[in-house]
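J.: Structure provided below as structure tokens; questions to follow.
Every read-out reported here was derived from the displayed coordinates using simple, explicitly stated rules and does not represent laboratory data. As the structure is a computational prediction, the values presented were derived from the model and not from experiment. Ideal geometry is used to build each Cβ from the backbone, glycine not excepted, and the neighbour counts take in all protein chains shown.
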Amino acid sequence: MRRYETDSPQAAGRILALAMVVDGNLAQSELAALDSSKILQHIDLDQPGFKALLQELCQDMLTSAFHGEVRIDGAMLDGLLDEIQHPDLRRQLLQAMWRIADADGWLADAEAVLLARASTLWCAETNFSGRVLAQA
């Protein structure tokens, strides 16, 4: 899997792309949710740049396929998530990932795993839970 600079538009865009394809299906409703979230503008990534990242992600995933099955193990997933360090960027990406996953009206197991892992890794390291409780 390619490496991107920490908190770069490419690292953030790849996380969003992963949220779209992790279930094995890229739905039009997920693309619409991405567009309506305005997250691409926030991370300074245009549509052609995002589409290129999406294609690169799919190519990288296919090169690591095992007997025709694409797998993303925990260490690989953690490495991708670790490229996002800024707490506010993590929160915004996680919100967008939930919108993407929810867009087709069905939360696939792979989407749930991605969202749970991002929530666990990012919240533990940035004290999401402490900020949420303090605001409540």
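J.: Would you calculate, for the chain, the mean residue ellipticity at 222 nm contributed by helices, counting each DSSP H stretch of 4 or more residues as -39,500 (n - 2.57) and dividing by all residues, to the nearest 500?
T.: Working: 8 runs with 95 residues, N = 136.
Taken over the chain, the calculation gives -21500 deg cm²/dmol.
J.: Let me ask something else about it. For a bin width of 10 Å, list the pair-distance distribution of the stretch 1-68 built from all Cα-Cα distances, rounded to whole %.
T.: Distribution as computed: 20, 54, 23, 3 percent.
J.: Give the angle, between 0 and 90 degrees and rounded to the nearest 10, that separates the Cα long axis of helix 109-126 from the longest principal axis of the Cα atoms of the chain.
T.: Relative to the chain, helix 109-126 is tipped by roughly 40 degrees.
J.: Here's another thing I want to ask about it. Please give the FRET efficiency for ALA75 paired with LEU26, using the beta carbon to beta carbon distance and R0 = 25 Å, rounded to the nearest 0.05.
T.: Calculated transfer efficiency: 0.50.
J.: I would also like to ask the following. Tilt of helix 47-63 relative to the longest C-alpha principal axis of the chain, in degrees (0 to 90, nearest 10)?
T.: Result, in degrees: 60.
J.: Once the piece of chain linking ASP44 and LEU62 is laid out straight, how much longer is it, given 0.36 nm per residue of separation minus the C-alpha distance between them?
T.: Values: separation 18, 0.36 × 18 = 6.48 nm, distance 2.71 nm.
Here the segment from ASP44 to LEU62 would lengthen by 3.8 nm.
J.: From the backbone phi of the stretch 30-45, what are the Karplus-calculated ³J(HN,Hα) couplings (6.51 cos²θ - 1.76 cosθ + 1.60, θ = phi - 60°) in whole Hz, Gly and Pro given as x?
T.: Once rounded to whole Hz, the list reads 5, 5, 5, 5, 4, 4, 5, 6, 6, 5, 4, 5, 5, 8, 6, 10.
J.: Report the extension gain between ASP102 and ARG3 in nm, rounded to one decimal, defined as 0.36 nm multiplied by the number of residues separating them, less their alpha carbon distance.
T.: Additional length available on full extension: 32.9 nm.
J.: Moving on to the next point. For the Cα atoms of the chain, what angle does the longest principal axis make with the long axis of helix 87-102, in degrees from 0 to 90, nearest 10?
T.: 60 degrees
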